[in-house]
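The values are calculated or read from the model by the stated rules, or taken from the named source; none is laboratory data. In this text, all values refer to a predicted model and were calculated from it rather than measured experimentally. Using ideal geometry, Cβ is built from the backbone for each residue, glycine included, and neighbour counts are taken over all protein chains shown.
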Amino acid sequence: MSFYKYKDYIEEGDLVLAFISRQTIKPLTVKKGEQLNTRYGHFQHDRMIGMKYGEQMGGARGYGFIYLLHPTPELWSISLPHRTQIVYTPDSSYIMQRLNVTSGTRVIEAGTGSGSFTHAFARTVGPEGRVFSYEFHEPRYLEAKKEFVEHELQNTLITHRDVCNDGFEINNIPEEFSQDGLINGDVIFLDLPAPWTAIEHLDKVISKKNRVGICCFSPCIEQVDKTIKALQDNGWINIQMTEIAGRRWEARKDMVKDLKDVVKRLKDIQSRKSQGIENRRSIKVAGEKRDFEEVDNDSEEDQLKGKGFNPFGKGTRIKEGDEIYDWRNVTKIETEIKTHTSYLTFAYFIPSDN
């Protein structure tokens, strides 16, 4: 199942992303005789075969539904089985743009982790580009290698190695990945605990003809400080650190209030405040009971209004967008801003031949 090719109809063996809810997208491989069980119903794989990607599928018992989505790197990043912390789309899309990753780019990525960003790189560089991915943890390496084969990332070569100690060079590079026996990377992405220890090994695998860009993904500012020093010591220039902070925006309708209603409400608040002061002044000595007439002395009109002034009537709920009233479109951001995932440190290397 390819992540950089698209097809219209689902076939047996395809990877399908089942959109169950906004919080739940489940990846599944379509196999005859199997079914997807969810809290919203049961969905048989046999019925998926031949359906169109993006189509809504009803449950086997006539209730519940899901959407059958074609896999993309963006959807995969929010549905994949996590083996490590991953790079999400707000960061990955910015890194792609900042480093000018395009069709034909040769990318060096260390560490692979859950493979989220690897899929995005593979889709962006296309069949003409190449992705060299390195993972030092053997179980994660084996899982990622299996996924890359299943997802037909034919432009991606994954290697099991600790690049911080052993460098990036690969012996016997497959012919379809080699440029005169070399890697010749144009873009470097380091998602490592200590990227500064790997930077000194890059000179042997980066392009000697083109400008090379690098991004180091580090969760702590102390890591950034050490990375910047290593970049400076090894001839990298234009060093900048960026932090991406994402916000969610909510679109809704807000009722346009009439000035007369505002004035009435303010008068009502002032009236009740004054009445409360007068009542406290006339309170009898503690221990003496008040007469019933003194307790329940609100007028019938006041009782209908309730405790506060409501221009639409007591207990009335107005449906958002009700045509009887005037509305305006407004936006609202999250009250809390999500904390950053990591700091992004960018730099560039200009070969001496240029």
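The table that follows gives values for the structure above.
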{"read-out": "Residue among Asn155, Asn234 that alone is over 22 Å from Ile86 (Cα atoms) and surrounded by 14 or more Cβ atoms within 10 Å (Cβ to Cβ)", "value": "Asn234"}
{"read-out": "Number of the condition not met by Ile25 [criteria: (1) of a type outside the set (Phe, Trp, Tyr); (2) modelled with pLDDT under 95; (3) surrounded by fewer than 18 Cβ atoms within 10 Å (Cβ to Cβ); (4) touching a strand residue (DSSP E or B) at 6+ places or on another chain (Cβ under 8 Å)]", "value": "(3)"}
{"read-out": "Flag for Glu301 being modelled with pLDDT under 70, out of contact with any Ser or Thr (no Cβ under 6 Å at 6 or more places or on another chain) and acidic (Asp, Glu)", "value": "yes"}
{"read-out": "Some residue of the range 75-95 being at pLDDT 95 or above, β-branched (Val, Ile, Thr) and under 28 Å from Ser178 (Cα atoms)", "value": "yes"}
{"read-out": "So Thr102, is it assigned to a loop (DSSP other than H, G, I, E, B) and farther than 19 Å from Cys216 by Cβ", "value": "yes"}
{"read-out": "Near pairs, Cβ below 9 angstrom, 6+ apart or cross-chain, from the range 325-336 (modelled with pLDDT under 75) to any residue that is exposed (fewer than 11 other Cβ atoms within 10 Å of the Cβ)", "value": "Ile333/Arg247; Ile333/Arg248; Ile333/Trp249; Ile333/Glu250; Glu334/Arg247; Glu334/Arg248; Glu334/Trp249; Glu334/Glu250"}
{"read-out": "Members of the range 65-77 that are part of a helix (DSSP H, G or I) and closer than 17 Å to Leu36 by Cβ", "value": "Leu75"}
